[in-house]
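Read through the structure below, which is laid out as structure tokens, and then see the notes.
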Amino acid sequence: MKDKKIIAYKSDRVKKIAYNLRGLIRDVTMSEWSRLGKEKEKIRSGKIKVTSLNGRLVLERTKCRDIEDERSDLYRALGNSICICSGCHQTDRDMYYNAAAEGWYCTLCVQEYRDFYHKKKRILDQGGFVGDFDEYFHKTFL
Ligand SMILES: [Zn+2]
């Protein structure tokens, strides 16, 4: 994949379908993420019994860890997908892939990152203090 790539739909109909599909994928993913969290809590609290020849306590921990790994995988996959903006988590915007930042960002966030970079860089160049500013990250959007 290129270092930077923009996905922008010209047709309003295609745009609506794509945005609805992204929202649907986000909702289904987060629903499963929540369901797994509730299942983990039920196992942890003893409401769901996990039995094994090796002993219940060890298996509960293992099962809870497996569930948490699955939740993390789901969340990471959604966050790395084009379905949501890595900056604002919106699903209904043109998207921009930034390989250096390893993520998809909506074009509004990209413009904000660019503006923020220029604003902070101007202050830095004049010898000022800018506080918490990740110059490398923001520069990847230029
Ligand atoms: Zn965004």
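Annotation: residue 111 fulfils all but one of (1) free of Cβ contacts under 8 Å to residues at least 12 places away in the same chain; (2) more than 30 Å from residue 16 (Cβ to Cβ); (3) surrounded by 13 or more Cβ atoms within 10 Å (Cβ to Cβ); the unmet one is (2). Within region 101-142, the set of residues being farther than 24 Å from residue 26 by Cα and outside any helix (DSSP H, G or I) comprises 126, 127, 128, 129, 130, 131, 132, 133, 134, 140, 141, 142. Among the residues that make up region 60-79, is at least one of them at pLDDT 90 or above and β-branched (Val, Ile, Thr)? Scanning region 60-79, I find at least one residue that is at pLDDT 90 or above and β-branched (Val, Ile, Thr), so the answer is yes. All of 91, 29 fail the test of being in contact with a Cys (Cβ under 9 Å, 6 or more places away or on another chain) and within 16 Å of the ligand (Cβ to nearest atom), apart from 91.
So for region 111-121 (the condition being hydroxyl-bearing (Ser, Thr, Tyr), over 30 Å from residue 32 (Cβ atoms) and within 13 Å of the ligand (Cβ to nearest atom)), does at least one residue qualify? Give the steps one after another, and end with the answer.
The initial filter retains those residues of region 111-121 that are hydroxyl-bearing (Ser, Thr, Tyr), namely 113, 117.
Next, from what is left, pick out any that are over 30 Å from residue 32 (Cβ atoms): 113, 117.
With the extra rule that they be within 13 Å of the ligand (Cβ to nearest atom), the set shrinks to 113.
Yes, some residue in region 111-121 is hydroxyl-bearing (Ser, Thr, Tyr), over 30 Å from residue 32 (Cβ atoms) and within 13 Å of the ligand (Cβ to nearest atom).
If the condition is being loosely packed, with under 12 Cβ neighbours inside 10 Å and over 16 Å from residue 85 (Cβ atoms), then region 4-27 contributes 10, 11, 12, 13, 14.
Has region 95-107 got at least one residue that is free of Cβ contacts under 8 Å to residues at least 12 places away in the same chain and either away from the ligand (no atom under 16 Å from the Cβ) or among the hydroxyl-bearing types (Ser, Thr, Tyr) (or both)?
So far as region 95-107 goes, no, none of its residues is free of Cβ contacts under 8 Å to residues at least 12 places away in the same chain and either away from the ligand (no atom under 16 Å from the Cβ) or among the hydroxyl-bearing types (Ser, Thr, Tyr) (or both).
Figure legend. Inter-residue proximity from region 123-140: first residues over 17 Å from residue 112 (Cα atoms), second residues of a type outside the set (Ser, Thr, Tyr) and assigned to a loop (DSSP other than H, G, I, E, B), beta-carbon distance below 9 Å, spacing 6+ or different chains. Indicated pairs: 124/130; 124/133.
The values are calculated or read from the model by the stated rules, or taken from the named source; none is laboratory data. Since the structure is predicted, the reported quantities are computational estimates derived from the model, not experimental observations. Quick reminder, even Gly has a Cβ in these numbers, built from the backbone with ideal geometry, and neighbours come from all protein chains shown.
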